[in-house]
Amino acid sequence: MGLWARIKRIFRSIFMRRVRQLEDPATLLPTLVEDMGDELVTARQQVAASVADEKLLKRKLDRELASVKEWDQKAVLAVRAGRDDLAEAALDRKAKCEKFAAQLASQHGQMLAATDSLRRQLQAMHGKIEGAKHSAALLIARQNAAEAQKRVQATMGGFAADNSAFAAFDRMAEKVDKMEAEADAAADINNEFTGQDLEDQFATMEAEVEAFDALAALKSRMGITHEEDDDEIGAEAEAYDFEALERELATVEVEAGH
């Protein structure tokens, strides 16, 4: 019993998936337009048959009206010939033809109105099918655009997921930033305990003094003497508190000895 239930579910799943595929607008709309075309062909055949019947009836009516005219002429001839009996017979046939022609005229009027209505309906049907063709193309284009947008949104949603490549890349960037920050912090702490920061300050100062000396030598070689420049250089050199730097260096050495 369990096996049959599983088989039933499988077949039902296959059937429903097939139904969904058949109901896909891109698949169903062209089929519907084609069915409309087939219905239009059938409608044309039916209208053509009705028009043919109307034309046949019109021909019968015309022949019957011609008979009415013919028997009237025969009655006139019979009267002129003095054959009243033949004139009466001709008039009798004329009356019968007129009666039959009146019936045919009534039927033809009804059929003509019906065929005119069928023709208008056929024209409206043709216009509707042409509109359906354009609408089907637009609907399919809209469906394709909606599906493409849906795929893009699904892809963009995957980017935001924790397991996406973009999320992993961001995590790696954050990890590198953290490693750089930790390295900078360790270097700062190391400089505080080793006196490296003080040595860096001395190195910077010496480089600046050497730059000043080199500039002064260049001016002297060029024969340019500006007492104001010399005074400015001397002032900037005196701005460094050498005694404070020596005291700080001594303190660091004492701490390092402990």
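Spin-label model, A124 to L139: label points 7 Å out along the Cα-to-beta-carbon direction sit 2.1 nm apart.
Arranged from highest to lowest average of other beta-carbon atoms within 10 Å per residue, in what order do the peptides 77-85, 63-71 appear?
Working: 77-85: 12.0, 63-71: 16.0.
Going from most to least packed, we get 63-71, 77-85.
Once fully extended, how much extra length lies between R171 and L56, figured as 0.36 nm per residue of separation less the alpha-carbon to alpha-carbon distance?
The R171-L56 span can extend by a further 32.6 nm.
Segment K69..Q149, full-extension length gain: 21.0 nm, with 0.36 nm per residue of separation and the alpha-carbon distance subtracted. In this label model, D213 and K99 are separated by 14.9 nm, measuring between points 7 Å along each Cα→Cβ vector.
Shown in residue order for segment 89-103 are the 3J(HN,Hα) couplings computed by the Karplus curve 6.51 cos²θ - 1.76 cosθ + 1.60 at θ = phi - 60°: 5, 5, 5, 5, 5, 4, 5, 4, 5, 5, 5, 5, 5, 5, 5 Hz (x for Gly and Pro).
Since every read-out is calculated from the coordinates, none of them should be taken as a lab result. The structure displayed is predicted, hence computed values, not measured ones. Cβ sites come from the backbone with ideal geometry, for glycine too, and all protein chains shown count toward neighbours.
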